[in-house]
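Asker: The structure follows.
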Amino acid sequence: MAMRDVRLLTEPFNPGTLIGPFTQANPGLGGVCTFVGEVRSGEGVEALELSHYEPLTLPGMHALADRAIARFDLMGLLMVHRVGMMRPGEPIVCVSAASRHRRDAIGAVDFTMDHLKSAAWFWKREKRADGWHWIEPRPQDHADRERWGN
């Protein structure tokens with residue numbers, strides 16, 4: 001049974017403090033793949049706000065972790081996502097997968113991120129000098145998710 005650590009946070013987090021304990025909790029691993037997504041700077045972005053539907057968000061993240069674990073040969077999966085107000089450079093998401101072989105770890109992170117980007121329970125808006133703007137998934141985000149055949 002793969003170890004799973006799924007969290008939804010309202011406060012800033014340091015991905016480095018999560019990755020070390022995660023890898024240590026998976027002795028014998030052959031590879032770890034980690035993706036950290038941050039609030040983009042530039043293009044006048046002053047802040048990013050992520051809201052969510054609380055009754056579905058964390059259960060949906062757990063269901064997504066179950067799907068990744070069932071699809072890939074993993075020893076462990078870490079999925080951490082922020083909600084609330086964030087500033088440029090702050091981490092939004094951290095997904096890390098541990099496996100005996102690198103391809104499973106890489107695939108699991110890619111799969112998980114493709115689903116979080118286009119089929120999750122979050123609504124995003126950016127604050128720029130001219131006000132707030134809702135951010136929708138791009139067509140490429142949907143295409144990335146569809147390649148997994150779900």
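Bear in mind these aren't lab numbers, they're just calculated from the coordinates by the rules spelled out. Nothing here was measured: the structure is a model prediction, and the numbers come from that model. Reconstructed Cβ throughout: ideal geometry from the backbone, glycine too, with neighbour counts over all protein chains shown.
Asker: For the modelled label position 7 Å from the Cα of Ala129 along Cα-to-Cβ, which residues of segment 29-67 have backbone nitrogen atoms closer than 15 Å?
Answerer: Residues 42-47 qualify, since their backbone N sits under 15 Å from the label point.
Asker: Where the Cα atoms of segment 10-129 are projected onto their three principal axes, how long is each span, largest first, in whole Å?
Answerer: Per principal axis, max minus min of the Cα coordinates gives 49, 27, 22 Å.
Asker: Towards the positive end of the charge dipole of segment 22-115, with charges on Cβ (+1 Lys, Arg; -1 Asp, Glu), say which of Gly28, Leu74, Leu58 has the farthest Cα.
Answerer: Positive-most Cα among the choices belongs to Gly28.
Asker: Can you tell me the 0 to 90 degree angle between the C-alpha axis of helix 15-24 and the longest principal axis of the chain, rounded to 10?
Answerer: The helix 15-24 is inclined about 10 degrees to the chain.
Asker: Summing Lys, Arg as +1 and Asp, Glu as -1, what charge do residues with Cβ under 12 Å from the Cβ of Arg125 carry, Arg125 excluded?
Answerer: Here the count lands on -1.
Asker: If you don't mind, another one. Using the Cα centre as the reference, give the magnitude of the dipole from point charges on the C-beta atoms of the chain (Lys, Arg: +1; Asp, Glu: -1; all else neutral), rounded to the nearest 20 debye. Don't skip to the answer; put the middle values down first.
Answerer: Details: 18 positive and 19 negative charges, 61 e Å.
The dipole magnitude comes to about 300 debye.
Asker: What nm distance separates the two modelled labels at Arg147 and Leu56, each placed 7 Å from Cα along Cα→Cβ?
Answerer: Inter-label distance under the simple model: 2.6 nm.
Asker: Further, regarding this structure: Calculate how steeply helix 102-118 sits against the longest principal axis of the alpha-carbon atoms of the chain, using the helix alpha-carbon long axis, and give the answer as 0 to 90 degrees to the nearest 10.
Answerer: The two axes meet at around 30 degrees.
Asker: Using a Förster distance of 22 Å, how high is the FRET efficiency between His101 and Ala63, based on the Cβ-Cβ distance and rounded to 0.05? Display every interim value, and only then the final one.
Answerer: Numbers: r = 25 Å, r/R0 = 1.12.
My answer for the efficiency is 0.35.
Asker: Out of all DSSP beta bridges in the chain, what portion is antiparallel? Express it as a percent rounded to 5.
Answerer: Numbers: 29 of 36 bridges.
About 80 percent, rounded to the nearest 5.
Asker: Related question: Have a look at Leu48, Ala98, Ser118 and report the one farthest towards the positive end of the charge dipole of the chain, computed about the Cα centre with Cβ charges (Lys/Arg +1, Asp/Glu -1).
Answerer: In the chain, that residue is Ala98.
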